[in-house]
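Quick note: the coordinates plus some simple rules give every number you see, no bench work behind them. Everything numeric in this text was worked out from a predicted model, so none of it was measured. Neighbour counts run over all protein chains shown; Cβ positions are idealised from the backbone, glycine included.
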Amino acid sequence: MSARYLTIPKFAELSGYSTKAIEVKIARGVWLENRQYRRAPDGRVLVDTIGYEKWVEGQLEPSSRARAASA
């Protein structure tokens with residue numbers, strides 16, 4: 001069974017991104033809530049693996065905040 005939603009440490013282990021890199025992507029708005037990650041009812045951040053795959057494949061536009069940060 002593969003889980004759609006993974007904790008940041010588990011996703012980091014599987015993806016090769018460091019936990020810090022994931023947290024920075026979230027903080028800078030590169031990854032968007034309810035697209036690449038979600039908050040569980042207990043407040044824990046979970047990476048949405050389907051949203052991540054779409055992001056990797058370029059199927060989602062980055063947020064305007066992320067575009068401004070990279071300019």
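Things worth noting here:
- Within-15-Å neighbourhood charge of residue 40 [Cβ basis; K, R +1; D, E -1]: +2
- Given their separation in residues at 0.36 nm each and the Cα-Cα distance between them, residue 7 and residue 42 gain 11.3 nm when the chain is fully extended.
- Bridging of residue 20 to aspartates and glutamates at a Cα separation below 18 Å is possible for 33, 48, once same-chain residues fewer than 8 apart are set aside.
- Taking label points 7 Å from Cα along the Cα-to-Cβ direction, residue 33 and residue 19 give a separation of 2.1 nm.
- Other residues whose C-beta falls under 15 angstrom from the C-beta of residue 21 contribute a net charge of +2, scoring Lys and Arg +1 and Asp and Glu -1.
- Cross-link partners for residue 54 among the lysines, with Cα-Cα distance under 20 Å and sequence neighbours closer than 8 places in the same chain left out: 10, 25.
- Using the Karplus relation 6.51 cos²θ - 1.76 cosθ + 1.60 with θ = phi - 60°, the per-residue 3J(HN,Hα) values for segment 9-14 come to x, 5, 5, 4, 4, 7 Hz, with x marking Gly and Pro.
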